[in-house]
Amino acid sequence: MKRSIPELLQSEQPLVMVTAYDYPGGLHAEAAGVDLILVGDSLGNVVLGYESTAPVTLGDMIHHGKAVRRGAPQTFLVVDMPFGTYHTGVTDAMRKAVRIIQETGADAVKMEGSTPEVLQVVDTLTRNGVPVVGHVGLMPQTATAQGGLRVQGKDDDTARRTLEGALALEAAGAFCVVLEAIPARLAKLITERLRVPTIGIGAGINCDGQVLVTHDLLGIYEGEEKKIARRYAEVGRVSREAIAQYAAEVRRREFPTRENSFVMKDDVLDKLY
Ligand code: KIV
């Protein structure tokens, strides 16, 4: 059964969120019993091969969100509003959020930041029935302006801004807030100060929940493990080895075998000669 927002807010156990970008991703996440699935705009990096999330469009998010929903009909689904789609006025942001909800079947949208403009959008959406997940700390959509993909909240200025941003998002109506790449003690303080749950990624153990990018936890890309993630499988290596073995067997004419082939009666074939 899909968990409702009140159930998520009252969860005694840490909330578990993972990203998904397609039908099998949704299927596996739902079968694994996660509490929330995020169709993150990390789609741009891990699925579409862009260098950042900036090129991801509303159309991309809707296309992938629909596929995830087909795989995970019974899990609380959050879809990211991509870069630039909630900075063009409150009415326009509302229209785009409604498109996401109606076309993908998502339960909520997520947006980054806590500027007055974003807070106004969060306020309008939540007062009009669109649940919103906030996101502070490292915000990949505007990482260039933040000085690159780096930890936030280590100095007076960014620590205070992150804390105040999270509080302001709660006051504007966000029902939970993602904390990305901030010191664990700052995340603990924010978690203590907020009534709504925090969901951390690179924010330590004391958040109310955790989120990971599925490609990181599955090890879809080989190479060094990211500091903020743990690799629970080596899907990248297993995939590469499987494809290489298939290629070798095709080249040696070992695949397909009789078991993989269809038969026909001799007389049907004979008539063709
Ligand atoms: O896009 C994304 O995957 C995210 C997570 C890192 C929280 O926003």
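The values are calculated or read from the model by the stated rules, or taken from the named source; none is laboratory data. Since this is a predicted model, take the numbers as computed values, not measurements. Every residue, glycine among them, receives a Cβ derived from its backbone with ideal geometry; neighbour counts consider all protein chains shown. In case anyone asks, the SASA skips ligands and DNA or RNA and just uses the protein heavy atoms, side chains included. Shrake-Rupley method; radii C 1.70, N 1.55, O 1.52, S 1.80 Å.
For the stretch 170-195, enumerate the residues that are among the hydrophobic types (A, V, I, L, M, F, W, C), away from the ligand (no atom under 16 Å from the Cβ) and not in a helix (DSSP H, G or I). Residue satisfying the conditions is L194 alone. Within the stretch 130-149, the set of residues being farther than 20 Å from S42 by Cβ and open to solvent by 60 Å² or more (accessible area, probe 1.4 Å) is empty. In this structure, does G134 turn out to be free of Cβ contacts under 8 Å to residues at least 24 places away in the same chain, under 21 Å from the mean Cα position of the chain (by Cα) and not in a helix (DSSP H, G or I)? So G134 does not fit the description; no. In the stretch 192-221, the residues that are free of Cβ contacts under 8 Å to residues at least 40 places away in the same chain reach residues that are within 14 Å of the ligand (Cβ to nearest atom) and assigned to a strand (DSSP E or B) with C-beta atoms within less than 6 angstrom, at least six apart or across chains, in these pairs: T198/V177; T198/L179; G200/L179; G200/Q210; I201/E180; I201/V211.
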